[in-house]
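The values are calculated or read from the model by the stated rules, or taken from the named source; none is laboratory data. Being a predicted model, the structure only gives us computed values, none of them experimental. Because the Cβ atoms are built from the backbone with ideal geometry, glycine has one as well, and the counts that use them run over all protein chains shown. Accessible surface areas use protein heavy atoms only, side chains included; no ligands, DNA or RNA. Shrake-Rupley method; radii C 1.70, N 1.55, O 1.52, S 1.80 Å.
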Amino acid sequence: MSDDAAAILAALRSGGRRITTARRLIAEILAGAGQHLSAADIALSVRDAHPEIHLSTIYRTLESLCAWGFVDQVHQPVGPSFFQLAGTHHHLVCQQCGRIYDVPAAAFDDWIARLRDTYGFELHLGQTALAGRCCDH
Ligand SMILES: [Zn+2]
Ligand SMILES: [Zn+2]
């Protein structure tokens, strides 16, 4: 198991929450994902390993992991939202080709600080992919 997945399971345990098969599997899938996974992608991977787990359990588990702050559901302007371990990076999405770019969170620090100073507004980018056009067009 990866360190990231182990860290989530440890945090669940120390928060007094049970490590269910679905929780463990989803943590492992997201920690090992080389791409951005939709809820349907995640459900498919879980059911590959454990066909007996109900779809509703998988979706509910994803919701819980998001609500507890372990996982971010990232919304795109177009297309299905996707899921990732919380707080790792932000996203730019090209409106022309649909490609999603990962950008380190620090790339937005200046902008976020300026909004905070000017408007007293604390911007949370973790759940939003920002739309634009990539360098391929
Ligand atoms: Zn593009
Ligand atoms: Zn990403």
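Numbers at a glance
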| item | result |
| --- | --- |
| Checking Ser38 against (1) out of contact with any strand residue (DSSP E or B) (no Cβ under 7 Å at 6 or more places or on another chain); (2) surrounded by fewer than 16 Cβ atoms within 10 Å (Cβ to Cβ), the condition it does not meet | (1) |
| Options Tyr101, Tyr59: the member that is surrounded by fewer than 16 Cβ atoms within 10 Å (Cβ to Cβ), under 21 Å from Ala129 (Cβ atoms), of a type outside the set (A, V, I, L, M, F, W, C) and modelled with pLDDT of 95 or more | Tyr59 |
| In the stretch 88-103, residue farthest from ligand 1 (Cβ to nearest atom) [restricted to those that are touching a residue at least 24 places away in the same chain (Cβ under 8 Å) and among the polar types (S, T, N, Q)] | Gln95 |
| Filtered residues of the stretch 62-81 (kept if open to solvent by 60 Å² or more (accessible area, probe 1.4 Å) and out of contact with any strand residue (DSSP E or B) (no Cβ under 7 Å at 6 or more places or on another chain)) | Glu63, Ala67, Trp68, Val78, Pro80 |
| Selection within the stretch 18-35 - surrounded by fewer than 16 Cβ atoms within 10 Å (Cβ to Cβ) and in contact (Cβ under 8 Å) with a residue 12 or more places away in the chain | Thr20, Thr21, Gly32 |
